[in-house]
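Below: one structure, written as structure tokens.
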Amino acid sequence: MAELDPHALLVVDRLRNDVIAPLKQRFVGRDEVVDLIALAVVSGEHLFLLGPPGTAKSAVIRGFAERVQGRYFEYLLTRFSEPNELFGPIDLARLREGTVATVTAGMLPEAEFAFLDELFNANSAILNNLLTVLNERRFRRGAEVHRLPLLSLFTASNHLAEDEALNALFDRFLIRCHVDHLPREAMPRLLAAGWELERAEASVAGVSSGDLRGLSRRIFEVDLSGVSGSYADLIWKIRDLGLALSDRRAVKVLKLVAASALLSGRSKATRSDFWVLRYVWDREEQIDPLRSLVGSVLEQAASEDPETARHPLAEPPDRVDGEDLARQLDEVARQLDDAKERPLALLVAARLRDRLAELSDQASWVADDDARHHLIERASVLLNRLG
């Protein structure tokens, strides 16, 4: 398998060891988010995070930017936010001289990493500016044009867009990740790591934002010839799931495939890099079917070429025993039946809800289509019974 040249390999190694690994250690249960931030930066694309507040979304992104000494901008959008709050106010001194200019110091136009919380609160004035930023890395005001040093823009929301006018904005976020609260068993590690996070100061990594920019330019040197046919087949299978993956987005996802190869230390893409397609969903109900489809491709790729250097998120899923899952769902159903005579305590109900969510996640990896759909549907019915 073709490896990268020594300089690029050095950058990748430092990125893994000095940035990705320490962030995974500091932010318990957020390995997936950390890996996707790196993927977004190297591919030059943008990342959307769906999930409730308090799940460390902005903290992980801020930590990534700090470790590579990248200029960072963060803002919480409301319905009343104005473009000046993101892009900077008009320079009044120059305006008196008859020139329209923007004071961009410390604002989004100077950032290499930007995080906008609650994206779908954006009004039309901000929306139009953001589309230009995401598409062209430019900000225009009057006759002035700013070329932005932005590596990636990250955003988060606890819901998906309901206004069709926001769909164009959502479409510009090629990578989508669902982030939820950590399970109960992760709480002790979370508290320990969170306490250390409060005490510790971010250290500087051996890789800079300039190094990442250079690595990003290499994605168009990655050899995609060996996967083009199987990639096209997978795109059609994804569309068969009902996911509206446009031709434009299908081409852009190739940047993610190439970035995965780079982050794995390769200059040639393999089918193991198709893991990135797990993150191109449009609606929450597409997440599990998409994960199952891509998981089967990854499993086959690993069995055919076990020696290939794979990205951590490309590891094929462990095989799931459908019969065992059915037995566990039976047990939950029995507890709910018993609750008709003796109502469940709130704590017990919360634990059952968490357990059903976990069983539903595991069911999405069951290989047999009929069994998978049956188990996911049964878990959903039981969740509805809990209310």
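Residue check: is Asn135 out of contact with any helix residue (DSSP H, G or I) (no Cβ under 7 Å at 6 or more places or on another chain) and closer than 19 Å to Gly44 by Cβ? Criteria met by Asn135.
In segment 80-173, counting only helices (runs of 4 or more DSSP H) that sit wholly within it, the ones holding 3 or more residues that are buried (at least 18 other Cβ atoms within 10 Å of the Cβ), touching a residue at least 24 places away in the same chain (Cβ under 8 Å) and under 25 Å from the mean Cα position of the chain (by Cα) span 124-136.
So that you can scan it fast, the table gives a plain yes or no per residue for (1) assigned to a helix (DSSP H, G or I); (2) of a type in the set (D, E, K, R); (3) in contact with a helix residue (DSSP H, G or I) (Cβ under 7 Å, 6 or more places away or on another chain); (4) surrounded by 15 or more Cβ atoms within 10 Å (Cβ to Cβ):
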site: Asp233; (1), (2), (3), (4): yes, yes, no, no
site: Ala258; (1), (2), (3), (4): yes, no, yes, yes
site: Ala261; (1), (2), (3), (4): yes, no, yes, yes
site: Asp273; (1), (2), (3), (4): yes, yes, yes, yes
site: Ser292; (1), (2), (3), (4): yes, no, yes, yes
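Consider Gly206 carefully, then state whether it is over 22 Å from Glu45 (Cα atoms), modelled with pLDDT of 90 or more and in a loop (DSSP other than H, G, I, E, B). Let's see the steps before the verdict.
Details: over 22 Å from Glu45 (Cα atoms): yes; modelled with pLDDT of 90 or more: no; in a loop (DSSP other than H, G, I, E, B): yes.
No, not satisfied.
Of the residues making up segment 174-190, those that are surrounded by 11 or more Cβ atoms within 10 Å (Cβ to Cβ) and either assigned to a loop (DSSP other than H, G, I, E, B) or modelled with pLDDT of 70 or more (or both) number 11. Across segment 10-44, the number of residues qualifying as in contact with a Phe, Trp or Tyr (Cβ under 8 Å, 6 or more places away or on another chain) and either acidic (Asp, Glu) or more than 22 Å from Asp171 (Cβ to Cβ) (or both) comes to 4. Determine whether segment 14-28 contains at least one residue that is small (Gly, Ala, Ser), in the same structural domain as Val145 (by TED's automatic domain parsing) and part of a helix (DSSP H, G or I). Yes: segment 14-28 contains one or more residues that are small (Gly, Ala, Ser), in the same structural domain as Val145 (by TED's automatic domain parsing) and part of a helix (DSSP H, G or I).
Residues of segment 56-73 include at least one that is within 30 Å of Val257 (Cα to Cα), aliphatic (A, V, I, L, M), surrounded by fewer than 19 Cβ atoms within 10 Å (Cβ to Cβ) and modelled with pLDDT under 95. Go through the residues of segment 43-50 one by one and say whether even a single one is closer than 24 Å to Phe220 by Cα and of a type in the set (Ser, Thr, Tyr). Yes, some residue in segment 43-50 is closer than 24 Å to Phe220 by Cα and of a type in the set (Ser, Thr, Tyr).
The values are calculated or read from the model by the stated rules, or taken from the named source; none is laboratory data. What you see is a predicted model, and the numbers here were worked out from it, not measured in a lab. Every residue, glycine among them, receives a Cβ derived from its backbone with ideal geometry; neighbour counts consider all protein chains shown.
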